[in-house]
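Heads up, the thing below is written out as structure tokens.
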Amino acid sequence: MKKSEELKKKLSYRRKFLWQDFKEETAQAFDFCEPYKTFLDTCKTERECIRYITEELKTRGFAPIDDNAASKKCYRISHNKNAAFAIIGNQPISAGVNLIVSHIDSPRVDMKQNPLYEDKTTKLAMMRTHYYGGIKKYQWFSTPLAIHGTFVKTNGEIISMSIGEDDTDPVFVMPDLLPHLSGKVQRTKTFSEALNAAQMNVVFASTPFLEDEEEDVSEAVKLNALSLLYDKYNIVEEDFLSAELELVPAGKARDAGLDRSMVLGYGQDDRVCAFASSQAIFDINENLQRTAVVYLADKEEIGSEGNTGAKSIFIIDFISDLLKANGESGDSATLRKTLINSQILSADVNAGINPNFPDVHEAENAVHLGCGVSVTKYTGSGGKSGSNDANAEFNAHIIKTFNEGGVNWQTGALGKVDEGGGGTIAKFMAEHGAEVIDCGPGLLGMHALYELASKADIYSTYKAYKTFFQNA
Ligand code: MN
Ligand code: MN
């Protein structure tokens, strides 16, 4: 090797392209993504994620924290929409926990509370919607959609609905306008004006209620839809008013690319981190120094609001109960010290460089697909506004831990300065005094109906989280 090359190797930072170095890990990465795809298919809503994880926790010997205070492996579910689970370490809890927080909600389109109507002109039964999170509206038109929902009757009965995922199920669609007639109403408008939220109505049904003796039944198509719903689910129109019905892309996550090296699927923001962190805590050596905690939060896509979002008291209360269950005081001072002593990975996806739109990124600082999990010091927009800018000391500590654990990582930033931006849960966790840094894989087409991730990065993310729990 030439002297200059030697020196370059010693002094320069270069991203590692994993597929070149992956030998036995290629098979491991591919294997890891099989149950991951199943997870994406089973868990398209926050409630479905919680249902899945509750079963996993029970199977793997975790006990509800309220039932068995002394359990080394414990969990709590809140409002069927968020969860925390822990494996207790050898050190006192007050020495701080190693926590990984991700979110299990994804951008989607919700039904309005009074959704069903019959269009007078076409006599189609339609559903009105209200989108959730940062979507590009056009993507939701002309694509098969499934309904995932929950009705809660006033007597407390809960009725789950899932229509559109089984191959034999019907699906739903928001029909877009044909190009032949879109010249005036779409093509001449700006991107954000070409489609509006009031046009995002879903075709629900098209056949009328028929009764031999009756003629001219008003809104007969809507009535027939209500009648079908009543027969199958025992619900009436009033039950919609309190229901939560979510429209998501119908169909399964798939391998992508001729070499099957990537996963294409809905909701990888942020279920890739939810799956990787859950799998990591399930697979770690349980003889831990620091207590490991996984937190799956809801509502990140609308600002981490509400009592199931990361701004809520839930995770703090859980840590307080961990203290008490393990013989320490759960009082405010002890809890505060515990949080300040804690280390948190804000596990969320980042934007990989998209070859179709490279100009929004600055390549040396952006995430490259296939180069491992991203360690992102800050997010935010307009001069790091709204960002948790991780401390250099903690950043270095994480990098050291990853290097020693053989984790492939890269540095990441969300786009060029002043190109746009976005935030994560990191800053809400940091408010409690803990050290926090963002850490997750890059995606192409984030927030699209189908997001693309590299299997190498998904596997690196899992490995990073496992290493963090065991060694950080
Ligand atoms: Mn996210
Ligand atoms: Mn997001």
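The values are calculated or read from the model by the stated rules, or taken from the named source; none is laboratory data. Predicted model only: the values in this text are computed from it and were never measured. Note: ideal-geometry Cβ built from the backbone for every residue, glycine included; neighbour counts use all protein chains shown. Remember, those area values only see protein heavy atoms, side chains included, never the ligands or the DNA or RNA. Shrake-Rupley method; radii C 1.70, N 1.55, O 1.52, S 1.80 Å.
Residues are listed down the side, and each one gets a yes or a no for (1) crowded, with 18+ Cβ neighbours inside 10 Å; (2) not in a loop (DSSP other than H, G, I, E, B):
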position: 166; (1), (2): no, no
position: 191; (1), (2): no, no
position: 194; (1), (2): no, no
position: 198; (1), (2): no, yes
position: 225; (1), (2): yes, yes
position: 230; (1), (2): no, yes
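Which members of region 18-40 meet the condition of being in a loop (DSSP other than H, G, I, E, B) and crowded, with 16+ Cβ neighbours inside 10 Å?
Correct list: 22 only.
Could you please tell me which pairs satisfy a Cβ distance under 9 Å, a separation of 6+ or placement on different chains, a first residue in region 321-345 that is under 27 Å from residue 465 (Cβ atoms), and a second residue that is surrounded by 15 or more Cβ atoms within 10 Å (Cβ to Cβ) and aromatic (Phe, Trp, Tyr)?
Partner pairs satisfying both residue conditions: 343/394; 343/468; 344/295; 345/465; 345/468.
Can you tell which of 74, 43 is more than 16 Å from ligand 1 (Cβ to nearest atom), buried (at least 21 other Cβ atoms within 10 Å of the Cβ), in the same structural domain as residue 459 (by TED's automatic domain parsing) and at pLDDT 95 or above?
74
Specify the residue that is nearest to residue 223 (Cα to Cα); the eligible residues are those in region 119-138 that are touching a helix residue (DSSP H, G or I) at 6+ places or on another chain (Cβ under 8 Å) and among the aliphatic types (A, V, I, L, M).
125
Starting from residues that are modelled with pLDDT of 95 or more and among the polar types (S, T, N, Q), keep the ones in region 13-40 and report whichever is nearest to the chain's Cα centre (by Cα).
Residue satisfying both the conditions and the ranking: 38.
Using the structure shown, decide if residue 426 is under 23 Å from residue 296 (Cβ atoms), touching a residue at least 40 places away in the same chain (Cβ under 8 Å) and among the hydrophobic types (A, V, I, L, M, F, W, C).
Spelling it out, residue 426 is indeed under 23 Å from residue 296 (Cβ atoms), touching a residue at least 40 places away in the same chain (Cβ under 8 Å) and among the hydrophobic types (A, V, I, L, M, F, W, C).
Being in the same structural domain as residue 155 (by TED's automatic domain parsing) and among the small types (Gly, Ala, Ser) narrows it down to one of 243, 276, so name that one.
Exactly one of 243, 276 is in the same structural domain as residue 155 (by TED's automatic domain parsing) and among the small types (Gly, Ala, Ser), namely 243.
Between 177, 181, which is without any contact (Cβ under 8 Å) to a residue 40 or more places away in the chain, hydrophobic (A, V, I, L, M, F, W, C), open to solvent by 80 Å² or more (accessible area, probe 1.4 Å) and not assigned by TED's automatic domain parsing to the domain that holds residue 45?
181
Within region 46-55, which residues are of a type outside the set (A, V, I, L, M) and open to solvent by less than 40 Å² (accessible area, probe 1.4 Å)?
Those that are of a type outside the set (A, V, I, L, M) and open to solvent by less than 40 Å² (accessible area, probe 1.4 Å): 46, 48, 49, 54.
State which residue pairs qualify: first residue under 22 Å from residue 342 (Cβ atoms) and in the same structural domain as residue 348 (by TED's automatic domain parsing) and inside region 380-407, second residue assigned to a helix (DSSP H, G or I) and of a type in the set (Lys, Arg) in any location, beta carbons under 6 Å apart, and separation of 6 or more residues or different chains.
Pairs that qualify, where the first residue is under 22 Å from residue 342 (Cβ atoms) and in the same structural domain as residue 348 (by TED's automatic domain parsing) and the partner is assigned to a helix (DSSP H, G or I) and of a type in the set (Lys, Arg), are 388/427; 407/463.
Do you know which residues across region 352-387 are crowded, with 24+ Cβ neighbours inside 10 Å and either within 16 Å of ligand 1 (Cβ to nearest atom) or among the acidic types (Asp, Glu) (or both)?
Scanning region 352-387 gives 352, 367, 373, 374, 376, 379.
Go through region 376-427 and count every residue that is among the aliphatic types (A, V, I, L, M) and assigned to a loop (DSSP other than H, G, I, E, B).
6
Search region 87-110 for residues being part of a strand (DSSP E or B) and within 16 Å of ligand 1 (Cβ to nearest atom), and hand back the single one that is nearest to residue 237 (Cα to Cα).
That would be 108.
Yes/no per residue for (1) open to solvent by 40 Å² or more (accessible area, probe 1.4 Å); (2) within 16 Å of ligand 2 (Cβ to nearest atom); (3) closer than 17 Å to residue 378 by Cα:
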site: 397; (1), (2), (3): yes, no, yes
site: 411; (1), (2), (3): yes, no, yes
site: 421; (1), (2), (3): yes, yes, yes
site: 424; (1), (2), (3): no, yes, yes
site: 436; (1), (2), (3): no, no, yes
site: 440; (1), (2), (3): no, yes, yes
site: 444; (1), (2), (3): no, yes, no
site: 451; (1), (2), (3): no, yes, no
site: 465; (1), (2), (3): no, no, no
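(1) in contact with a strand residue (DSSP E or B) (Cβ under 7 Å, 6 or more places away or on another chain); (2) free of Cβ contacts under 8 Å to residues at least 40 places away in the same chain; (3) not in a strand (DSSP E or B): which one isn't true of residue 162, the others all being true?
Status for residue 162: all satisfied but (3).
Please report, ordered by residue number, the strands (runs of 3 or more DSSP E) entirely within region 248-349 with at least 1 residues that are within 16 Å of ligand 1 (Cβ to nearest atom) and open to solvent by less than 30 Å² (accessible area, probe 1.4 Å).
Fully inside region 248-349 and qualifying: 262-265, 291-297, 343-346.
Looking for whichever is hydroxyl-bearing (Ser, Thr, Tyr) and under 24 Å from residue 53 (Cα atoms) here; the options are 346, 374. Which one fits?
Every option except 346 fails the conditions.
What number of residues within region 111-136 are within 16 Å of ligand 2 (Cβ to nearest atom) and not in a strand (DSSP E or B)?
4
If you scan region 139-157, which residues turn out to be among the β-branched types (Val, Ile, Thr), touching a helix residue (DSSP H, G or I) at 6+ places or on another chain (Cβ under 9 Å) and in a strand (DSSP E or B)?
150, 152
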